Amino acid sequence: MKRIALILLTCVVSMSFAQEDKEQLLALKKANGFVYEGNNLINDDFVSGEMAYRQAISKQPNTVAGIYNLGNAYYKEGNFEEALYRHEQAAKATNSKSEKHKAYHNIGNILMQNKKCKEAVEAFKNALRNDPTDNETRYNLGIAKICAEEQKKQEDENKDDENKEDENKDDKDKKDNEDKKDKEGDDKEDKKDKGDEEKKEGDDEKDDKGKPKDEKEDKGKGDEDKKKEQQKPKPQPGQMSPQQIKNLLEAMNNQEQKVQEKMNAVKEKGAKIKTEKDW
């Protein structure tokens, strides 16, 4: 009796696995059909083609062809964010070296379009790890390395400029504080001198006979005080002259233009990147 029950259980389990295999094969067949439909529609009717690829993925979530081709479609439309997501998804969904190579190759292309040259270098390296013989990927890797070096150089130059600006600002603040202290000291001296002068003027308002001095004498005294005031040293402002600021801005603009010219040259080389891999 136990033996019969074991045989029946084995038959039920076998039928269950067979049913699951049949359903998986059916889902795969439907997914492939939608991929085929998407391939035929995508160039003439993007919306319908995109929908077909999405239906393929819904039938078989790990259908690499549907995911990959949908990523290519987004890439051609300029939707690099979605294209990157789909190609990364395709690279994770497959164990095939050939499929991984194609996915990483296109990931590198997308990153180059997004000006993420350092990340693109790593993507192209991953593509070559899965297919070291692909000269297109090797070529793109060389372009990505040049771009990454140019970006790093520009970042270093920008960092140096920021450090110089900070140093100039610190020097200016220090100079301003020193000038402020000097001015406060001069103000105190001026107040003291003014007080002494006022006291002296009060004493000198009358002559020996107690009579006011004539206006001419007062006028001469005023001219003498004005001359003394003009002869006093004035504190120098602790900041750059307008001409110095203009020269500094022109130098920074010239440097920025040189860097931009280099980046434009890299962009032209980047445009030579081979088109994305066909599935």
Quick count over the stretch 34-68, residues being of a type in the set (A, V, I, L, M) and not in a helix (DSSP H, G or I), is 1
What about ASN126, is it part of a helix (DSSP H, G or I), at pLDDT 95 or above and either under 18 Å from the mean Cα position of the chain (by Cα) or among the polar types (S, T, N, Q) (or both)?
-> yes
Expected output for the stretch 28-56 (first residue without any contact (Cβ under 8 Å) to a residue 24 or more places away in the chain, partner among the acidic types (Asp, Glu) and open to solvent by less than 50 Å² (accessible area, probe 1.4 Å), Cβ below 9 Å, 6+ apart or cross-chain) is LEU41/GLU50
Checked the stretch 85-125 for anything surrounded by fewer than 18 Cβ atoms within 10 Å (Cβ to Cβ) and aromatic (Phe, Trp, Tyr); matches are TYR85
By residue number, the members of the stretch 69-80 that are in a helix (DSSP H, G or I) and either under 14 Å from GLU37 (Cα atoms) or not basic (Lys, Arg) (or both) are ASN69, LEU70, GLY71, ASN72, ALA73, TYR74, TYR75, GLU77, PHE80
If we scan the stretch 77-84, do we find a residue that is open to solvent by 20 Å² or more (accessible area, probe 1.4 Å), without any contact (Cβ under 8 Å) to a residue 60 or more places away in the chain, among the aromatic types (Phe, Trp, Tyr) and touching a helix residue (DSSP H, G or I) at 6+ places or on another chain (Cβ under 6 Å)?
yes
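The values are calculated or read from the model by the stated rules, or taken from the named source; none is laboratory data. Note that the structure is a prediction, hence the values are computed from the model and not measured. FYI the Cβ positions are ideal-geometry reconstructions off the backbone, even for glycines, and counts take in every protein chain you see. When the accessible area is computed, the model is the full protein with side chains, heavy atoms only, and any ligands, DNA or RNA have been set aside. Shrake-Rupley method; radii C 1.70, N 1.55, O 1.52, S 1.80 Å.
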